[in-house]
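A.B. asks: Got a structure here, written out as structure tokens. Questions coming.
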Amino acid sequence: MSDQRTREFPWARIGDQARKGLVGTGHGIAFLGLALLGLVVSLLIVAAVALPGPGLVAYGLGGHHNAAGAALVFALPALVVGLFVASRLLLDVRGLARLARRLSGQWCGVPIADPYLPQPAAHGKKASWRRLGWLVTDPATWRDLLWAVVNGCVGGLLAILPAGLLVVGFIGLFAPYAPLPLRVLAVAAAASGLWVAPQLMRGYGIFARSMLGPRGNAELAQRVRHLAETRTEALDTGAAEIRRIERDLHDGAQARLVAMGMTLDAAGQIIDTNPEAARALLWEARDASVKALAELRALVRGIHPPVLADRGVADAIAALALDTPLRIHLASDLYGRPPAWVESAAYFAVSELLANVSKHAEARETWIDIRHTDGMLRIGVTDNGHGGADPARGTGLRGIERRLAAFDGILAISSPPGGPTAVTMEIPCELSLPKTSSS
């Protein structure tokens, strides 16, 4: 059995919000650690460049005139070494920035594309110099470094605020001899921390995208490359789907129709000489027609379910939930219908996710939330299974990513070992207003 509306169960929503708040607080603390690590690496970069060369030059020119030439001789090699150490550290900052982009998509629901210029091929003695030049001339390198410095403050605020509210609430609630008003304030502080944590994670993702996302020509090139890849994948997926339909028709309904025609032909040849045998063949042909019709209906449902065309994506997912052996809580507030291609992509993506939950997650309950905000159709699917979902493992998630990418949609996954698994899908679209009738 499936509960189709969580509006009737406010405690389920409160528990779901508390779980999201705790997960968001944990993610915020993880981002704080990432911010502190980036700040340490950026300080090491400054030290590697600023201390060796200029320090020796200052020593040589600051009253030690006889040692000025020797200081310059030692300063230049020290400066070169500092530059190469800084280039290695810049690559480390780039690795931290890439990690932040990936976590932003998985934890914050705000995916960020890599903005870097392609690395030139470099071999031989000049490879190190070319790599240094590639790093220094790429504007994204300096935005990464600026992010590493600024993120030390922003990431700290995002982590400390909800975690601090939770700690204050815990202390105030369980402090001995605390008056009742203080305990009430403690509960309010803890509830505020749980409520604000997911919003802060979303805000952090937007902040990170403003600093780490592609700009100008890099963004345009990224967009063109993305469109080319998704167009190719969409064409390949469409061709594979056509081949599947052709194969299903050939091996299923078509074979039954051919057999039914042969049965009817045999019945026609003996209907005068052996009516009883002809009648049996006619009954056999009727059974074959029923099975062929059932296979055609199943094939049509696999292409585009009638309930999806007639009632829309929310009711189609509700019908899908009824046929799934899971306890599903479904909430939707769509005031209109997305375009047909968006509904189809969203429906089959949710269908694949529910199949994954049934096969792999060992979950007892699943929550589906369908919303349309800020020009985006957002569908969240969360289960309380054992977690560990990874698109690289070939569990269908990569196929969902390709399906959504063809329409500029995104798939964000948070699935730590032990669970829970939270999947968020976003597809840009507008809703058509529901039809109204006038009396």
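A.B. asks: Condition first: modelled with pLDDT of 85 or more and touching a strand residue (DSSP E or B) at 6+ places or on another chain (Cβ under 8 Å). Can you find one or more residues in the range 290-312 that meet it?
C.D. replies: Taking every residue of the range 290-312 in turn, at least one turns out to be modelled with pLDDT of 85 or more and touching a strand residue (DSSP E or B) at 6+ places or on another chain (Cβ under 8 Å).
A.B. asks: Where the second residue is open to solvent by 10 Å² or more (accessible area, probe 1.4 Å) and the first is closer than 13 Å to Tyr335 by Cα and lies in the range 311-323, which pairs have Cβ atoms under 6 Å and are six or more apart or on separate chains?
C.D. replies: Gly312/Arg337; Val313/Tyr347; Ala314/Ser332; Ala314/Leu334
A.B. asks: Continuing with the same structure: Looking only at the range 301-342, which residues are under 13 Å from Trp367 (Cα atoms) and touching a Lys or Arg at 6+ places or on another chain (Cβ under 9 Å)?
C.D. replies: Answer for the range 301-342, where residues must be under 13 Å from Trp367 (Cα atoms) and touching a Lys or Arg at 6+ places or on another chain (Cβ under 9 Å): Ala318, Leu326, Arg327, His329, Leu330, Ala331, Ser332.
A.B. asks: With (1) surrounded by 18 or more Cβ atoms within 10 Å (Cβ to Cβ); (2) farther than 26 Å from Gly24 by Cβ; (3) of a type in the set (A, V, I, L, M, F, W, C) as the list, and Ala340 as the residue in question, which single condition is left unmet?
C.D. replies: For Ala340, the exception is condition (1).
A.B. asks: Kindly check whether there is at least one residue in the range 374-386 that is open to solvent by 60 Å² or more (accessible area, probe 1.4 Å) and out of contact with any Gly (no Cβ under 8 Å at 6 or more places or on another chain).
C.D. replies: yes
A.B. asks: Assess whether Gly375 counts as being in contact with a Ser or Thr (Cβ under 7 Å, 6 or more places away or on another chain) and either without any contact (Cβ under 8 Å) to a residue 12 or more places away in the chain or on the phi > 0 side of the Ramachandran plot (or both).
C.D. replies: Considered against the rule, which asks whether it is in contact with a Ser or Thr (Cβ under 7 Å, 6 or more places away or on another chain) and either without any contact (Cβ under 8 Å) to a residue 12 or more places away in the chain or on the phi > 0 side of the Ramachandran plot (or both), Gly375 comes out as no.
A.B. asks: Now a separate question. Scan the strands (runs of 3 or more DSSP E) fully inside the range 317-389 and keep the ones with 3 or more residues being of a type in the set (Val, Ile, Thr).
C.D. replies: In the range 317-389, the matching strands (runs of 3 or more DSSP E) lie at 365-373, 376-383.
A.B. asks: Would the range 402-409 turn up any residue that is buried (at least 20 other Cβ atoms within 10 Å of the Cβ), part of a helix (DSSP H, G or I), under 18 Å from the mean Cα position of the chain (by Cα) and charged (D, E, K, R)?
C.D. replies: Yes, that holds for at least one residue.
A.B. asks: Let me ask something else. Any residue in the range 174-182 that is crowded, with 18+ Cβ neighbours inside 10 Å and part of a helix (DSSP H, G or I)?
C.D. replies: No.
The values are calculated or read from the model by the stated rules, or taken from the named source; none is laboratory data. Model, not experiment: these values are computed from the prediction. Don't worry about glycine lacking a Cβ; one is built from the backbone with ideal geometry, like all the others, and counts go over all protein chains shown. Keep in mind that these areas ignore ligands, DNA and RNA; they rest on the heavy atoms of the full protein, side chains included. Shrake-Rupley method; radii C 1.70, N 1.55, O 1.52, S 1.80 Å.
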